Amino acid sequence: GFQQAELITSETVVLNDKNFERFVFKSSKTWVIQIYDDTSDSCQRAAPAWEQVAHSLDGIAKFGRINAFENPQLVQKLGSSALFSKAIRRSELPVIFGFRSGCRH
């Protein structure tokens, strides 16, 4: 039968369609952002390293995550921007990228 994926927990900021612009574009901080999917084995395996880096760089940059399944419009919007040379595919997750302070892409 169908087995539900274990949710990937994080102490980093949850980003979504409603708060992305306010948190990231209007921030005076640099952001490091991860697009992930709870059902992805590679995302599950990368989670501890993500948390470790976020903790190590706390105060230097803000860290946030976008759940690809829950925010497909935001992922599509980011994937079609100048940030990426091709669309973001679930099979390639996690995707990690950054926005320096003042960036408005």
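The values are calculated or read from the model by the stated rules, or taken from the named source; none is laboratory data. Note that this is a predicted model, so its numbers are computed, not measured. Neighbour counts run over all protein chains shown; Cβ positions are idealised from the backbone, glycine included. Accessible surface is based on the protein model in full, side chains and every heavy atom, while ligands, DNA and RNA are left aside. Shrake-Rupley method; radii C 1.70, N 1.55, O 1.52, S 1.80 Å.
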* Restricting attention to segment 1-11, report how many residues are open to solvent by 20 Å² or more (accessible area, probe 1.4 Å) and either in contact with a strand residue (DSSP E or B) (Cβ under 8 Å, 6 or more places away or on another chain) or among the hydroxyl-bearing types (Ser, Thr, Tyr) (or both). => 2
* Asked: Name the strands (runs of 3 or more DSSP E) wholly within segment 19-105 that hold at least 1 residues that are crowded, with 19+ Cβ neighbours inside 10 Å and modelled with pLDDT under 90?
  -> 95-99
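Name every residue in segment 15-46 that is more than 13 Å from Ala68 (Cβ to Cβ) and either of a type in the set (A, V, I, L, M, F, W, C) or in contact with a Leu (Cβ under 8 Å, 6 or more places away or on another chain) (or both), in order of residue number. Steps first, answer last, please.
So the first thing to find is which residues in segment 15-46 are more than 13 Å from Ala68 (Cβ to Cβ), and the list is 18-32, 41, 44-46.
Answer for segment 15-46, where residues must be more than 13 Å from Ala68 (Cβ to Cβ) and either of a type in the set (A, V, I, L, M, F, W, C) or in contact with a Leu (Cβ under 8 Å, 6 or more places away or on another chain) (or both): Phe20, Phe23, Val24, Phe25, Trp31, Val32, Ala46.
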* **Pair list, Cβ < 6 Å and 6+ apart or interchain, from segment 33-60 residues that are touching a residue at least 12 places away in the same chain (Cβ under 8 Å) to residues that are among the charged types (D, E, K, R) and open to solvent by less than 70 Å² (accessible area, probe 1.4 Å)** => Gln34/Arg65; Tyr36/Arg65; Cys43/Asp37
* Where a residue in segment 65-84 is free of Cβ contacts under 8 Å to residues at least 24 places away in the same chain and its partner, wherever it lies, is of a type in the set (S, T, N, Q) and crowded, with 19+ Cβ neighbours inside 10 Å, with Cβ under 9 Å and at least six apart -> none
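Picking from Asp58, Asp38, which residue would you name as being charged (D, E, K, R) and out of contact with any strand residue (DSSP E or B) (no Cβ under 8 Å at 6 or more places or on another chain)?
Values: Asp38 fails: out of contact with any strand residue (DSSP E or B) (no Cβ under 8 Å at 6 or more places or on another chain).
Asp58 is the lone residue from the list that is charged (D, E, K, R) and out of contact with any strand residue (DSSP E or B) (no Cβ under 8 Å at 6 or more places or on another chain).
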